[in-house]
Amino acid sequence: MSIAIKLSQGRVLDPASDLDEITDVYIQGGNIAAIGRAPRGFKAQREYRLEGLILTPGFVDLGCHLREPGFEHKATIASEARAAVRAGFTALCCTPDTDPILDNPSVVQHIQQRAMAARGAQVLCLGALTVGLKGEVLTEMHALRAAGCVGVTNLDRTIMDTAVLKHALAYAASAGLTVFLHSEDYWLGRGHLHEGATSTRLGVPGIPSAAEIIGVHRDLTLVADTGVRAHFCRLSCGASLPPIAAARRAGIAVTADTSILNLLYSIDDIDDFDANFHLRPPLRSHGDRRALRAGVNKRAIDAFSAYHEPHDADAKAAPFALTEPGASTLDTFLPALLDLVAQNAFDLKTALIAASLAPNQILGRAGGRIAVGAPADLCAFDQNHSWRVATASLASAGKNNPALGSEVTGRNRLTLVGGTVMYDGWQE
C-alpha cells in the first residue's frame, strides 16, 4: 500500500530534466507530490534519510527470463521480482519462453497474478509473436494486448518463412503492439561464440557478425513495408547501427537497445571455457563494443538492458558449446553501469536515460522521471560501496554471472514501485 513518504537529502538525479541537486522528494498516492518543499498539509508517515546516496528513476529490464511457469528449477517470478527491486529495478518485461508459452491470455493472467503476489518489481508481459514460438501460426495479438501485453516477440527463434514474418508484423501493427525483434539469420547463427580468432582457438563454432547484420536488413525492410512499431533488441554489432539510423531518418518507427554485457565485455575477455560467457548474441570484437558505446552516447542506441537469464547449475556444467546461453545479470547491473561511467564510456545522465527513461518510452509508460506527478518508481544507491560477487551475494536464483569472484562497486539501498517501498536495504 502506498503511504506518504519523505526521501530526504539525497542527491536527486533526473536525466529528463537535468535536475541534479541534494534535496527532498515527497511521495503521496503512488506519485511524486513535490520536490524540495513539502506540499501543503503533507504529513510523512515514513522518512528515509538518503545522505550520501543518489536517488534516480528505477531501472527497467526489456527482456527478463522469469522462468515461471515451467522452469521453476531455474528461477521463479517471486525470486526474480524480489531480486530485481534489490538491484534497483522497478519493472521487468517477462519474455514469452515459458512452459506453456506466453501465447494466450490465460498465461498472461497467471504471470500477472504471480507477480502481484511476489511484491517485487512490476512485471510486464511480452506475448509470443507466433504460437509456441514456432514461427508458423500467428498468435491472437488483439487478445494478448487486451490481456495486458506491452509487446510481442519471437525472441531469438528466427522466423525463417519471410511471408509469415511479414504477416506477423502487419497483424501486430493492426493490434497497436510493438514488435521486439532479435534479428539474426538462422543459418549463420548456429554457433556459440563470435566468429574469429578466439572461437578458432577454443574450437567452438562461431557466429559471424553477418548473421545479425543480414537479419537487421531483412527485418527493417519488412518493418518499413508493414508500418509496425519495431524495437531491435540486443544489438551486438557496430555495423547494425547505420541501417537503423537510416530507417529513422526515413521516418520509420524503430528503436534499438543492446545488452549491458555487450557494452562491458568483448570476445577478448573470454580466455577459457567459462560458460557464464556463453551468451546469445555473443560478445563481439573490441571494435563492436566501442561502436555500441558510441551508439549509446549518440542515442543511436536508445537503451541498454540487463537481459537477465537465470540458469540452474546443471545448465552451465557441460562443455561450452553444450551449455545453455545467458547470464544472470540483475544483481550486478548497477555496478556494471557505474563501471561503464567510470571508464568514460558515457556519463551518468546518459546511462540513466538508457537504463530507465528510454525503456519506459519504448514501452509507452510514464516512468523514468523524477518530476511532480510522475510515478514514484525510484531507487537510491551508494555509488561507492564495494562488494565481492559470490553466489551467496546474489539475490537471483540464477548464479550464472560472468562477474563471479570480482570486486565491484555500487549497491542499491532503497527501491519504491508505485510509491510503495519494495526494498529497504537498511532492513537487511
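Some notes on this structure:
- Its relative contact order, with pairs defined as Cα atoms under 8 Å and 6+ residues apart, puts the chain at 20 percent.
- For the chain, the number of Lys pairs with C-alpha atoms closer than 20 Å, counting only pairs eight or more positions apart or on separate chains, is 6.
- The packing ranking, built from the mean of other Cβ atoms within 10 Å per residue, places the peptides 311-320, 279-288 in the order 279-288, 311-320, highest first.
- Sorting 135-147, 33-45 by average packing, meaning the other beta carbons within 10 Å per residue, from highest down gives 135-147, 33-45.
- Remark: region 4-14, residue by residue, has Karplus-estimated 3J(HN,Hα) of 6, 10, 10, 9, 10, 6, x, 7, 8, 10, 10 Hz, where x stands for each Gly or Pro and the curve is 6.51 cos²θ - 1.76 cosθ + 1.60 at θ = phi - 60°.
- In units of the compact-protein estimate 2.2 N^0.38 Å, the chain shows a Cα radius of gyration of 0.94.
- 5 angstrom amide H check on His231, placed H, neighbours 5+ away: Val179, Phe180, Leu181, Thr255
- Radius of gyration over Kirkwood radius for region 260-401, both on Cα atoms: the Rg/Rh ratio is 0.98.
- Between region 327-341 and region 407-428, the alpha-carbon centres lie 15 Å apart.
- Electrostatic tally near Arg86: other residues with Cβ closer than 13 Å to its Cβ, Lys and Arg +1, Asp and Glu -1, net 0.
- Cleavage-rule hits (GluC sites (Glu not before Pro)) in region 1-62: DSSP loop, at most 14 neighbouring Cβ within 10 angstrom: Glu51
- Note on region 29-149: Kirkwood radius taken over Cα pairs, Stokes-Einstein applied at 37 °C and 0.692 mPa s, translational D equal to 201 µm² s⁻¹.
All of the numbers you see were taken from the coordinates with simple rules; none came from a lab. Just so it is clear, the structure is predicted and the values come from calculations on it, not from any experiment. Positions of Cβ are generated from backbone atoms using ideal geometry, with glycine treated the same way; all protein chains shown enter the neighbour counts.
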